[in-house]
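Asks: Here it is, the structure, as structure tokens.
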Amino acid sequence: RLPLQTSSTSLAAGGNRINQSIDLDSPKVATMDKLEGKKVYCRCWQSGTFPLCDGAHMSHNKETGDNVGPLILSVAKPATEESSTEVAAGGDDKKSSILDKIKSIFKGKNEDDGLTTKERLAKMGLSALLSYGWVSNMSYAVALSLSWYGFSKKTGLSPLAPGQWKPFLAVYAGFYVFNNIVRPLRFGLSVIISRYFDNFVNFIEDKTKLSRKLSIGVVVFLANVVGTFAAMGGGVLIASTAAGVPIFPPKV
């Protein structure tokens, strides 16, 4: 609660009372009020809603040449409430930012900035390009694994068996076409995980004290080279095991 205490004093010159109408029978006018949100209090003693301001000071100032104004008080939000609000707002901003990025890369050429999808992705930064390369490689590794499993399960032969590579490539071509159809999903996923690649580059740079360019090279090698071959090898191994057909055909 906030005490608002003023006395009905007289002006030094002229002896005119400041308070002309409010609780004149009281020895002094004291008001106790509870602050909630924002409140505007009268300081000219002319308000008809005293102790709250009703704007009467404006006419008073015009008539007398005075410059009196109201007392404006507001209650600050608790720190925890402000923090939770900021966190929530920040989360919404991040979600909106990610959604905006995904929407922007789906635009075709000659829309807005006239950039192609890859040009727009490049404009978003190196981390987006790195993540897109990794996502693309992983998607093709999955396509290879599924093709391997389907071919081996159907024919009972490994694609590496004599004369089986071309028929296998025909099966893989179907998955390759499907992979291109879902390219927008790959773009969207690359945007979402791009920050992790940026964090990875920063981590390598911080731990190894390498330059930014060398740190990027390390990330490309680990994620897009080692990671791709590991995913392809592991996927083919799982596919052949599930199909019950060895990767390498037995020697006759």
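Asks: Roughly how large, in nm² to one decimal, is the mean projection of the convex hull of the alpha-carbon atoms in the range 34-74?
Replies: 2.7 nm²
Asks: Turning to a different aspect of this structure: Identify the residues of the range 131-163 with backbone N under 18 Å of a label point that sits 7 angstrom from the Cα of V177 along the Cα-to-Cβ direction, or state none.
Replies: So the set is 140, 143-144, 146-148, 150-151.
Asks: At 7 Å along Cα-to-Cβ for each site, give me the label-to-label distance between L126 and D66 in nm.
Replies: Roughly 6.8 nm, to one decimal.
Asks: Can you list residues from other chains, or at least 5 along the same chain, whose modelled amide H is less than 5 Å from the amide H of Y41?
Replies: Answer set, sorted by chain and number: C53, L71, I72, L73.
Asks: Oh, and also: Just how much of S211 is accessible, in Å², when a 1.4 Å probe is used and the result is rounded to the nearest 10?
Replies: Per-residue accessible area (S211): approximately 60 Å².
Asks: Right, next: Heavy-atom accessible area of M32 with all protein chains present, probe 1.4 Å, nearest 10 Å²?
Replies: 120 Å²
Asks: Given a 1.4 Å probe and the protein chains all in place, what does the accessible area of I72 round to, in Å² to the nearest 10?
Replies: 100 Å²
Asks: Multiply the residue gap between I247 and A76 by 0.36 nm, knock off their C-alpha separation, and tell me the result in nm, one decimal place.
Replies: Between I247 and A76, full extension yields 54.6 nm more.
The values are calculated or read from the model by the stated rules, or taken from the named source; none is laboratory data. Only a predicted model underlies this, so the values are computations on that prediction, with no experimental measurement involved. Counting neighbours? That spans all protein chains shown, and the Cβs are built from the backbone with ideal geometry, glycine included. Surface accessibility is based on the protein's heavy atoms, side chains included, excluding ligands, DNA and RNA. Shrake-Rupley method; radii C 1.70, N 1.55, O 1.52, S 1.80 Å.
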